[in-house]
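K.L.:
Below is one structure. I have some questions about it.
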Amino acid sequence: MGFFGYMLFAGLIAAADQFTKYLVVQNMGLYEEVPLLPGVLGLTHVRNQGAAFSSFQGMQWLFALIFAAFTLALLYEYFKKPLPLAKVERWCLAAIYGGGLGNMIDRVRLGYVVDMLETLFMDFPVFNLADCFISCGCVLLMVRLAFFNKAIWKDGKK
């Protein structure tokens, strides 16, 4: 799978994220709560102008800068200095990028991110589908690089 295949996957993630956010905005009032799995998971429509736990409130420029740097790093890594990454690791990077793209679309278009998924069994920030892809992609990528990709740790100097 080439670079554009991975970016297509990232685009589909961003599109799915935007679609879920659209459904929430169109069908729920702000701060309205709807239980999905009683005691486990609910929908709560919120606006987040920061990151997790509402950190970095109002610093949209910082998120844009980080996203732009991540975009440039992906392009450089893929086309100029490819790392020995397995396909699943590249899928993880695409999932992370797609989630970031979904949230960046909100930040540019609305000035905040629409969040809606709330864990009811623990105190955790409300999040969205993009956040799920970012988090799962990061965890899987870290596990793969730490335990399964020996080539990434070899010293390139001989």
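The values are calculated or read from the model by the stated rules, or taken from the named source; none is laboratory data. The shown structure was predicted, so the numbers you read here are calculated from the model rather than taken from an experiment. Heads up, the Cβs are rebuilt from the backbone with ideal geometry, glycines too, and the neighbour counts pull from every protein chain shown. Ligands, DNA and RNA are excluded from the accessible area calculation, which covers all protein heavy atoms including side chains. Shrake-Rupley method; radii C 1.70, N 1.55, O 1.52, S 1.80 Å.
K.L.:
For region 116-151, which positions are in a loop (DSSP other than H, G, I, E, B) and open to solvent by 40 Å² or more (accessible area, probe 1.4 Å)?
P.N.:
Filtering region 116-151 down to residues in a loop (DSSP other than H, G, I, E, B) leaves 120-126, 128, 148-150.
Matches in region 116-151: Leu120, Phe121, Met122, Asp123, Phe124, Phe148, Lys150.
K.L.:
Provide a single number: the residues in region 34-59 that are open to solvent by less than 40 Å² (accessible area, probe 1.4 Å) and either at pLDDT 95 or above or of a type in the set (D, E, K, R) (or both).
P.N.:
5
K.L.:
Before we move on, is Tyr31 surrounded by fewer than 18 Cβ atoms within 10 Å (Cβ to Cβ), in a loop (DSSP other than H, G, I, E, B) and hydroxyl-bearing (Ser, Thr, Tyr)?
P.N.:
On the way: surrounded by fewer than 18 Cβ atoms within 10 Å (Cβ to Cβ): yes; in a loop (DSSP other than H, G, I, E, B): yes; hydroxyl-bearing (Ser, Thr, Tyr): yes.
Yes.
K.L.:
I've got another one for you. Against the conditions (1) in a loop (DSSP other than H, G, I, E, B); (2) farther than 20 Å from Leu141 by Cα; (3) without any contact (Cβ under 8 Å) to a residue 24 or more places away in the chain, where does Lys81 fall short? Just the number, please.
P.N.:
(2)
K.L.:
Could we say that Met122 is more than 28 Å from Gly5 (Cα to Cα) and touching a helix residue (DSSP H, G or I) at 6+ places or on another chain (Cβ under 6 Å) here?
P.N.:
Working: more than 28 Å from Gly5 (Cα to Cα): yes; touching a helix residue (DSSP H, G or I) at 6+ places or on another chain (Cβ under 6 Å): no.
No, not satisfied.
K.L.:
What tally of residues in region 76-117 results from selecting those that are touching a strand residue (DSSP E or B) at 6+ places or on another chain (Cβ under 8 Å) and not aliphatic (A, V, I, L, M)?
P.N.:
The qualifying residues number 5.
One line per residue, one yes/no per condition, for (1) open to solvent by less than 60 Å² (accessible area, probe 1.4 Å); (2) charged (D, E, K, R):
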position: Trp61; (1), (2): no, no
position: Phe67; (1), (2): yes, no
position: Glu77; (1), (2): yes, yes
position: Lys80; (1), (2): no, yes
position: Val88; (1), (2): yes, no
position: Trp91; (1), (2): no, no
position: Ile96; (1), (2): yes, no
position: Leu101; (1), (2): yes, no
position: Met104; (1), (2): yes, no
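K.L.:
I need the full set of residues from region 28-63 which are within 16 Å of Tyr112 (Cα to Cα), in contact with a Gly (Cβ under 8 Å, 6 or more places away or on another chain) and in contact (Cβ under 8 Å) with a residue 60 or more places away in the chain, in order please.
P.N.:
Of everything in region 28-63, those that are within 16 Å of Tyr112 (Cα to Cα), in contact with a Gly (Cβ under 8 Å, 6 or more places away or on another chain) and in contact (Cβ under 8 Å) with a residue 60 or more places away in the chain turn out to be His45, Gln49.
K.L.:
Which ones in region 49-97 are aromatic (Phe, Trp, Tyr) and more than 12 Å from Tyr6 (Cβ to Cβ)? Don't jump to the end; show me each part of the working.
P.N.:
At the first step, the residues of region 49-97 found to be aromatic (Phe, Trp, Tyr) are 53, 56, 61, 63, 67, 70, 76, 78-79, 91, 97.
Of everything in region 49-97, those that are aromatic (Phe, Trp, Tyr) and more than 12 Å from Tyr6 (Cβ to Cβ) turn out to be Phe53, Phe56, Trp61, Phe63, Phe67, Phe70, Tyr76, Phe79.
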